Amino acid sequence: MRPEKQALTQEYLNRLTRSPYVILVNYTGLNVAAMTELRKRLRRADAEVHVIKNTLFRLAAREAGLGDLGDSLSGQLAVVTGRRDICAAAKVLKSFMAEFDKPKLRFGFLGNHRLEATQLEQLADLPPLEVLRSQLLGLLQEPAARLVRMLQTPAAQLARVIQARVDKVGGGTSGNG
C-alpha cells in the first residue's frame, strides 16, 4: 500500500478508536454549502463528519475491531464521530435530514455493537442526556422516599393517638376539678 493510503487508513483508525461511536451516512446529492452547514451543526454536538474512502475505511474498521463491513461500504459515504454521546449526533443528523432530505443514515456502531438506521433514529428521539439522568435519579430516589413516608406514617399516627389521649385525659381532669 502506498504511504499516503497508509496514512489515511491510520487517520481513520485513530478516529474510530477515539470515538465511542461511529455513524455512517450516504451523502449523495449533498452540496458543499449543505455539507458545511452539517459540519457546523455537528460541531455544536461535539461531533464531526468526514468523507471516507470505502476500501481504506474497511481496513481501518477491521483493525479497530468492528469486523468485516464487506458490502456495507458502498456509495458516497461519510463517517460521523464524536467525543460525547451518540444521541446528540443522531439528533443533529435526524433534524438535518428532515430539513434537507440528506444525508441518509446507513448504520453505525456504539462501541463494537452495530446499530442499524432505525436504531439510530430511535437514539435521536431520546431526551437529552441531562434529562435522562434526572429521570433516572428520580426513579432511584422514589423507593427511598416511599420508605421514608411509610416509616413516618405509623409514627405520625402514634403521635396523633397519644395527643388525643393526652387531650382526653387533660380534658377529663379539668372537668372533674
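Computed from the coordinates by the stated procedures, all read-outs in this text should not be read as laboratory data. Quick caveat, the model's predicted, so the values are computed rather than measured. Glycine gets a Cβ as well: all are built from the backbone with ideal geometry, and neighbour counts include every protein chain shown.
A few remarks follow.
- Here the simple spin-label model places points 7 Å from the Cα toward Cβ, and for R165 and L129 these points are separated by 5.7 nm.
- Long-range tail of P(r) for the stretch 7-51 (Cα pairs > 12 Å, %): 68
- The stretch 3-126, Cα convex hull volume normalised per residue, Å³: 97
- Peptide ranges 10-20, 27-37 listed from the most packed, as the mean C-beta count within 10 angstrom indicates: 10-20, 27-37
- In the stretch 17-133, lysine pairs closer than 14 Å at Cα, eight or more apart or cross-chain: 5
- Considering only alpha-carbon pairs that sit under 8 angstrom and 6 or more positions apart, the relative contact order computed for the chain is 25 percent.
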